[in-house]
Amino acid sequence: MRSPGAALDTPACITEHGSRNLPAAIGDALDAVDTPALILDLDVFERNLATMSAAVRGTPVRLRPHAKSHKCPEIARRQIALGAVGICCQKVAEAEVFVAAGVRDVLITNEIVGAGKLDRLARMARLARIGVLVDDGGNVRDIAAAAARAGAEVEVLVELDVGAHRCGVDPDAAGAPALQLARAIAAQPALRFGGLHAYHGGAQHLRTPDERVHAIACAARWAAQTKRSIEAIGIPCPTVTGAGTGSFMLERDSGVYTELQPGSYIFMDADYRRNEPAEGAPVFAQSLFVWTSVMSRPTHDRAIVDAGLKASSVDSGLPMVAEWPGVRFVKASDEHGVLEIDAGAKSPALGTKLKLVPGHCDPTVNLYDWIVAVRKERVEALWPVSARGALL
């Protein structure tokens, strides 16, 4: 029995910094990596990086990848080293992580409200080039006040709703709200009007090339009309930014967009696999997997793995089992994944480790503390997912 007043033993899973056990050590064989874990095939990942860089090189558009896909400063540094001008983030807290890691050009592709968040955003703008989106005049005034208090300049872009029907002003609305917002931004000494944000999120997973062509043609037309209207009153509109992994070639070739924001291309996922590729489009391969173990074999046609809802996001469907034909992931609960095994298929035994292709890479990455970077079946690096859970 512990004597009165004796200190509790620190659990083995907690380090002095409060972080959990590492899933692997550098040099480990892949099979030694504990599960569930997020593993990255470095050879494929590096080819994906190079493919995107080559697709933009020599064109008039800039690459600004979206870091919400990876939340990892090491990956951002590699993207910038291959020519990206900076990154996108979705939250102030995400941006803070990347600025602290040395990234000096961040566009927050979201509307930010609330005095606390705006003060943090403005303080960041003293350390790095920071951009943010607006679709409301009151928000413009609030950002300007925060920037003035901080003695900083914040770049502000007007968001257009070009089909996703989330945030953004209607580019066809009476009274030209985008024009009014551009005037309001340009009139604020602590703000710089950056241009237009015209991202069509819904187009990324339209399944056929023709559907994507139509959606982005409409988005580009609205963005071009708005840009002309703003420039006609003497306000420069230097940037039209948007695009994602499913459509970036269309924005690249539109003659309207000046900046591209793809994110998932570095990893890919099961949802993107369902898209029919456009003829001649660059090919991005699956590099990111959830590494899982078979922990139960209750019947000959069913296996249970240790990766469930807390290991892989299912908002875009269940994960797929890689490299095991005839084995399907059919059900997930908190800590369990149920595999169905076809008659005659190779059957994974108890303890077998499998790769799962997540349904949606972005929220899956957000579930993990570490990316285990593997080359030729051996762990080469462990990269912290430093912006995991950065919601504020």
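The values are calculated or read from the model by the stated rules, or taken from the named source; none is laboratory data. Small disclaimer: the values here were computed from a predicted structure and weren't measured. So basically every Cβ, Gly included, is an ideal-geometry build from the backbone, and we count neighbours across all protein chains shown.
Just one of the numbered conditions (1) more than 19 Å from residue 252 (Cα to Cα); (2) assigned to a helix (DSSP H, G or I) is not true of residue 80; which one?
(1)
Within segment 278-285, can one find any residue that is surrounded by 18 or more Cβ atoms within 10 Å (Cβ to Cβ), aromatic (Phe, Trp, Tyr) and in contact (Cβ under 8 Å) with a residue 60 or more places away in the chain?
Checking segment 278-285: at least one residue is surrounded by 18 or more Cβ atoms within 10 Å (Cβ to Cβ), aromatic (Phe, Trp, Tyr) and in contact (Cβ under 8 Å) with a residue 60 or more places away in the chain.
Any residue in segment 67-93 that's closer than 13 Å to residue 371 by Cβ: show its pairings with residues that are assigned to a loop (DSSP other than H, G, I, E, B) at Cβ separation under 6 Å, as long as the two are six or more apart or on different chains.
69/263; 71/385; 71/387; 71/388; 72/385; 73/101; 73/386; 76/103
Got at least one residue in segment 351-360 being buried (at least 21 other Cβ atoms within 10 Å of the Cβ) and over 17 Å from residue 265 (Cα atoms)?
Yes - at least one qualifying residue is present in segment 351-360.
Pick from 269, 253: which is over 16 Å from residue 36 (Cα atoms) and surrounded by fewer than 18 Cβ atoms within 10 Å (Cβ to Cβ)?
Going through 269, 253 in turn, just one is over 16 Å from residue 36 (Cα atoms) and surrounded by fewer than 18 Cβ atoms within 10 Å (Cβ to Cβ): 253.
Among the residues that make up segment 218-239, is at least one of them of a type outside the set (Phe, Trp, Tyr), within 24 Å of the chain's Cα centre (by Cα), in the same structural domain as residue 68 (by TED's automatic domain parsing) and not in a helix (DSSP H, G or I)?
yes
Which residue out of 76, 29, 67 is over 14 Å from the mean Cα position of the chain (by Cα) and either modelled with pLDDT of 95 or more or outside the structural domain of residue 354 (by TED's automatic domain parsing) (or both)?
29
Is it the case that some residue within segment 147-155 is charged (D, E, K, R) and under 20 Å from residue 85 (Cα atoms)?
Yes, the conditions are met somewhere in segment 147-155.
Within segment 288-312, how many residues turn out to be buried (at least 23 other Cβ atoms within 10 Å of the Cβ) and either not assigned by TED's automatic domain parsing to the domain that holds residue 344 or not aliphatic (A, V, I, L, M) (or both)?
4
Among the residues of segment 353-367, are any in contact with a His (Cβ under 7 Å, 6 or more places away or on another chain) and of a type outside the set (Lys, Arg)?
yes
Quick one: residue 296 ticks every box in (1) within 30 Å of residue 231 (Cβ to Cβ); (2) part of a strand (DSSP E or B) bar one, so which box is it?
(1)
Please work out if residue 54 is in a helix (DSSP H, G or I) and not assigned by TED's automatic domain parsing to the domain that holds residue 130.
Yes.
Would you mind stating whether residue 130 is touching a strand residue (DSSP E or B) at 6+ places or on another chain (Cβ under 9 Å) and assigned to a helix (DSSP H, G or I)?
Judged against the criteria, residue 130 is not a match.
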